[in-house]
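What follows is one structure encoded as structure tokens, with my remarks underneath.
The values are calculated or read from the model by the stated rules, or taken from the named source; none is laboratory data. Remember, it's a predicted structure, so these values are computed and weren't measured experimentally. Note that each Cβ is placed from the backbone with ideal geometry, even for glycine, and that neighbours are counted across all protein chains shown.
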Amino acid sequence: MPILERDTSRDQGESQALPKVPLPPLKQTLDMYLKSVQHLVGKEQFSKTKAIVEKFGAPGGTGEALQKKLLERRESTTNWIYDFWLQDMYLTNRVALPVNSNPAMVFPKQAFRDRKDALRFAAHLITGVLEYKSLIDTQALAVDYARGQLAGTPLCMQQYNRMFTYYRRPGHTTDTQIESRASASEPEHIIVACKNQFFVLDIISNQKRLNEMDILSQLEKIVSMAEKSEERLPPFGLFTSDGRTEWAQARDVLIKDPTNRASLALIESCVCVVCLDEPTKLEPSDTNRALLMLHGGGCEMNGGNRWYDKSMQFVVGMDGVCGVLCEHSPFEGIVMVQSSEYLLKYMTRSPSKMARSASVTDLSPPRRLPWKSNPHIQGLLTASSDRLQRLVANLDMDAYKFKFYGKEFIKKQRMSPDAYIQVALQLAFYRCNGRLVSTYESASIRRFQEGRVDNIRSATSEALAFVKSMTDERPALSDLERMKKLRDAIKAQTDYTIAAITGMAIDNHLLGLREMARELKMEKPDIFSDETYLTSNHFILSTSQVSTVMEMFCCYGPVVPNGYGACYNPQANHIVFCVSSFRESTETCSAVFTKALEQGLLEIRGLCHRSAAAAAASKAPTAPITTPMVSKGSGGSQATDQVGKASGK
């Protein structure tokens, strides 16, 4: 398949009906910035920051000049922030993709009778993937519509078009997104990983797409080929688990050989990767299945049976551990969720078509991808393997189901479930650390052309006031007073959410101002070298709501060494949390955090009950909390939009 640079011309028509991402007023952003950090830094540091910000925003100052340039950029581009954001969030980030960047969706544990049963499942899954891709290619995929605040607003669908066509190629300082599309001379194929070997499975033969029986037959051949130990090649997939600069350096060595160059080209141009994982001896708990999705268990298990650069990897473990792993730069979590929902429904509601369609005759056998190695390459591969093992050992994950109540109870309190859970996360962190820190919650801006995400800064001053009231051992406040602080915290969270999803948050704007100064080769403005700015962008708590209809859950790692990743999936009567941290940090522990989270959620429920009872007893009911049910965004890692669907495009 020909490799192209990013081309959005195909998507322009569908997107142009949507408005462009707005550019907030400079003063509004600077005021919001100061408000968001004042309670998170010391008084002396804040005074310094306030002076720097005021100078930056002064009439005729640097801020106004950069704002004018951004306004010009907005007029001349489809999305003024997209390229700045993509580079900063993903492509210039040098950390390894597994754990640090790629999120995973964990499917329900499958009960395979034997290997043949697992391969049947994989063939059925691949058929569903191809059906979903066909919907995207023919623009027949139902359009997403927002629910809650601004309900009925159509959302930009361009991210779906990148699902099966994008690949992230490593670079020494910056990665590159490349796009591939099938042609008559180079038809579509998928890559199947089995026993750390990689195989090309053509999905078109004699101008016909393979049916499910054909795919199963090809998978059986692949498994048979992979079992031939005398033909086994080194686990080159481990290279893609390394830091981006290290992988780029190794790739430079690999492509000196034309065999390696050709194999890499086939992987870069595939529709997706299907990983047929070997069984592990791990108990298939939610936590262990999450870990296996994120990193495969390292080189001693299935960590080399991956190609982390590809946007979509479907994992089918012979022991029933299954799911999806995504390279995050082309799309947000909503794409992973919606496609996963489609596939699980397809698997459960569409019977296998093994015996109902004619096979394509004279199928060419799958092809093992060849690799050429030497002592230098083997040394690089060993180093990549060692670094993956350290990452595997470092990750501390706790997939935890809070069973005491779910979003139905929260809704009965007339509260937004997302805002409520965010406040509970702040309470848990404060209880563990005695302070609040900069928090990232992704918010979708898909209401706009090529919209991705902005940040909801959940560590508000109102949240701090509430968590202090809940942890102060002195009986200084009544329950009604604490309830008032809870209302204030939820309202502040909701107000910020509305600002973010309507393009009025601060993080993208500040990033745009900073990058515009760099583009103009200006000396970096003091506001972006200030300690407060650096601290405010060190997101110790990185959170996302990833709601699902089908039984599955999302997970990802922390974004900083001393931080937590906190993904949550609110259901009617329970909430699934995936909390991650790094063992090497002395400041974090996932089990301690989830324990504090459970305690806080129970305390907030108790507060709601007691306040309601007190209000009823006094016959003076408190005013209901009428926070709007706002739609969320996916991010970094990675929450989903709350969307409705409409047929057609």
> Given the residues Val129, Val53, Val37, Val41, which is the only one that is touching a Cys at 6+ places or on another chain (Cβ under 9 Å), of a type in the set (A, V, I, L, M) and either assigned by TED's automatic domain parsing to the domain that holds Phe164 or more than 28 Å from Thr548 (Cβ to Cβ) (or both)?
Replying inline: Val129
> Exactly one of (1) at pLDDT below 95; (2) under 30 Å from His295 (Cβ atoms); (3) among the aliphatic types (A, V, I, L, M) is unmet by Ala646. Its number?
Replying inline: (2)
> Given Asp309, Asp257, Asp252, which one is within 24 Å of the chain's Cα centre (by Cα), in the same structural domain as Lys372 (by TED's automatic domain parsing) and farther than 25 Å from Leu119 by Cβ?
Replying inline: Asp309
> If you take the residues of region 461-479 that are within 28 Å of Ala613 (Cβ to Cβ), among the polar types (S, T, N, Q) and touching a helix residue (DSSP H, G or I) at 6+ places or on another chain (Cβ under 8 Å), which of them is surrounded by the most Cβ atoms within 10 Å (Cβ to Cβ)?
Replying inline: Ser469
> Of these, Ser350, Ser339, which one is within 31 Å of the chain's Cα centre (by Cα), modelled with pLDDT under 90 and among the hydroxyl-bearing types (Ser, Thr, Tyr)?
Replying inline: Ser350
> Which residue out of Arg181, Arg232, Arg209 is of a type in the set (Lys, Arg) and touching a Pro at 6+ places or on another chain (Cβ under 9 Å)?
Replying inline: Arg181
>> Just the residues that are charged (D, E, K, R) and either free of Cβ contacts under 8 Å to residues at least 40 places away in the same chain or outside the structural domain of His172 (by TED's automatic domain parsing) (or both), please, taken from region 229-246.
In response: Glu230, Arg232
>> With the requirement that a residue be surrounded by fewer than 16 Cβ atoms within 10 Å (Cβ to Cβ), more than 17 Å from Leu291 (Cα to Cα) and small (Gly, Ala, Ser), what does region 374-393 give you?
In response: Gly379, Ala383
> Restricting attention to region 411-439, which residues are farther than 15 Å from Phe466 by Cα, in contact with an Asp or Glu (Cβ under 9 Å, 6 or more places away or on another chain) and crowded, with 24+ Cβ neighbours inside 10 Å?
Replying inline: Asp418
> In region 30-89, which helices (runs of 4 or more DSSP H) lie fully inside it and hold 3 or more residues that are in contact with a Leu (Cβ under 9 Å, 6 or more places away or on another chain)?
Replying inline: 43-56, 62-76
> If you check Val253, Val192, which single one turns out to be modelled with pLDDT of 95 or more and surrounded by 17 or more Cβ atoms within 10 Å (Cβ to Cβ)?
Replying inline: Val192
> Got at least one residue in region 269-290 being in the same structural domain as Phe314 (by TED's automatic domain parsing), farther than 20 Å from Ser311 by Cα and of a type in the set (Val, Ile, Thr)?
Replying inline: yes
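Residue under question is Tyr440, and the condition is that it be of a type in the set (Phe, Trp, Tyr) and part of a strand (DSSP E or B); does it hold?
Taking the combined requirement at face value, the residue satisfies it.
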>> Looking at region 33-45, can you tell me whether even one residue there is β-branched (Val, Ile, Thr), over 16 Å from Ile456 (Cβ atoms) and at pLDDT below 95?
In response: no
> Can Gln67 be described as in contact with an Asp or Glu (Cβ under 7 Å, 6 or more places away or on another chain), surrounded by 14 or more Cβ atoms within 10 Å (Cβ to Cβ), modelled with pLDDT of 95 or more and not hydroxyl-bearing (Ser, Thr, Tyr)?
Replying inline: no
> How about region 200-228: which of its residues are over 14 Å from Arg368 (Cβ atoms) and part of a strand (DSSP E or B)?
Replying inline: Ile204, Ser205, Lys208, Arg209
